[in-house]
1. If F110 passes every condition in (1) surrounded by 15 or more Cβ atoms within 10 Å (Cβ to Cβ); (2) without any contact (Cβ under 8 Å) to a residue 24 or more places away in the chain; (3) within 30 Å of Y144 (Cα to Cα) but one, which one does it miss?
2. Please count how many residues of region 71-96 are among the charged types (D, E, K, R) and either surrounded by 15 or more Cβ atoms within 10 Å (Cβ to Cβ) or over 15 Å from I22 (Cβ atoms) (or both).
3. Out of the residues in region 10-32 that are of a type in the set (D, E, K, R) and touching a strand residue (DSSP E or B) at 6+ places or on another chain (Cβ under 8 Å), state the one that is farthest from L158 (Cα to Cα).
4. Can you tell me which residues in region 69-105 are over 19 Å from D159 (Cα atoms), aliphatic (A, V, I, L, M) and in a helix (DSSP H, G or I)?
5. Check K109, K47, K77, K129 and return the single one that is at positive phi and in the same structural domain as I25 (by TED's automatic domain parsing).
6. Out of G107, G84, G26, G19, I need the residue that is over 22 Å from D138 (Cα atoms) and within 28 Å of the chain's Cα centre (by Cα). Which one?
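The values are calculated or read from the model by the stated rules, or taken from the named source; none is laboratory data. Just so we're clear, the structure is a prediction, and the values are computed from it rather than from any experiment. Note that we place each Cβ from the backbone using ideal geometry, even for glycine, and neighbour counts take in every protein chain shown.
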Amino acid sequence: MQRQIVLDTETTGLSPSDGHRIIEIGCIELINRQRTQQDFHVYINPKREIDAGALAVHGITAEFLSDKPAFPEIMQKLLDYLHGAELVIHNAAFDVGFLEYELQLAGCKFKSLADYYTVVDTLAYARKKHAGQRNSLDALCKRYSVDNTNRKLHGALLDAELLAEVYLAMTGGQTSLLIETDLDQANTEIQQELYTVAQIEESALSELIVIQPSAEEYAAHQDFLKILKPIALIT
């Protein structure tokens, strides 16, 4: 079983080295490349102001976050959710840097997320696959026909959902998270085969030509049956 978590964050600014913090985390769980609906989504009180540039990107205000939990309050729940998974992140250095900073502030002895998780950076992958082209999430959505019309502002859960679709399309040709289970697909194929056979049989019956025997053939058949009857009685 392959378990992957597609993860995105929103923050108060561009760099944890300037004391900026995470304000939203959104995660989508994929098992064997299928969405499970076991999402993880939380808003976090950063206990600091939000830069105007960041606010213009995600629209999340300090007032909205004032009654939300601080990172240490949600840390264990997040770590339990991520446990054992491969992380799929667009521009991973950004999100990983902020997560490591938050974990260190909360007293966790993380040196590097890479020591505990395999991290797939979809931006690095896209740059290799589409060298010389724009590889932002919006550009990739357009390239892989992923509908992002609801993305007026950035949001961690929405961006994780879009990234999950892009990742599946970019790495295997799958363009939707809405996939039939193997059993459903097998049942569908069986029903299609039965329907096809029924159509063939119905068509064959409708085209069947019945040839009636002539009077001479019918009389000869009756004489043959008279010969068979004494033989059947003897045996």
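1. Looking at each condition in turn, F110 falls short on (3).
2. Going through region 71-96, the residues among the charged types (D, E, K, R) turn out to be 73, 77, 80, 86, 95.
Within this subset, residues satisfying the condition of being either surrounded by 15 or more Cβ atoms within 10 Å (Cβ to Cβ) or over 15 Å from I22 (Cβ atoms) (or both) are 80, 86, 95.
Looking only at that region, the number is 3.
3. By that ranking, first place goes to R21.
4. Once the filter is applied, which keeps residues that are over 19 Å from D159 (Cα atoms), aliphatic (A, V, I, L, M) and in a helix (DSSP H, G or I), region 69-105 yields I74, M75, L79, L103, L105.
5. None of the other options fit; the residue is K47.
6. Details: G107 fails: within 28 Å of the chain's Cα centre (by Cα); G26 fails: over 22 Å from D138 (Cα atoms); G19 fails: within 28 Å of the chain's Cα centre (by Cα).
Testing whether each residue is over 22 Å from D138 (Cα atoms) and within 28 Å of the chain's Cα centre (by Cα) leaves just G84.
So that you can scan it fast, the table gives a plain yes or no per residue for (1) among the polar types (S, T, N, Q); (2) in contact with a Pro (Cβ under 8 Å, 6 or more places away or on another chain); (3) surrounded by fewer than 17 Cβ atoms within 10 Å (Cβ to Cβ); (4) in a loop (DSSP other than H, G, I, E, B):
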{"position": "V120", "(1), (2), (3), (4)": "no, no, no, no"}
{"position": "Q133", "(1), (2), (3), (4)": "yes, no, yes, yes"}
{"position": "C141", "(1), (2), (3), (4)": "no, no, no, no"}
{"position": "H154", "(1), (2), (3), (4)": "no, no, no, yes"}
{"position": "L157", "(1), (2), (3), (4)": "no, no, no, no"}
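A quick yes/no check of all residues on (1) of a type outside the set (A, V, I, L, M); (2) in a helix (DSSP H, G or I):
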site: V6; (1), (2): no, no
site: G26; (1), (2): yes, no
site: H41; (1), (2): yes, no
site: N45; (1), (2): yes, no
site: E49; (1), (2): yes, no
site: G53; (1), (2): yes, yes
site: A56; (1), (2): no, yes
site: F64; (1), (2): yes, yes
site: D67; (1), (2): yes, no
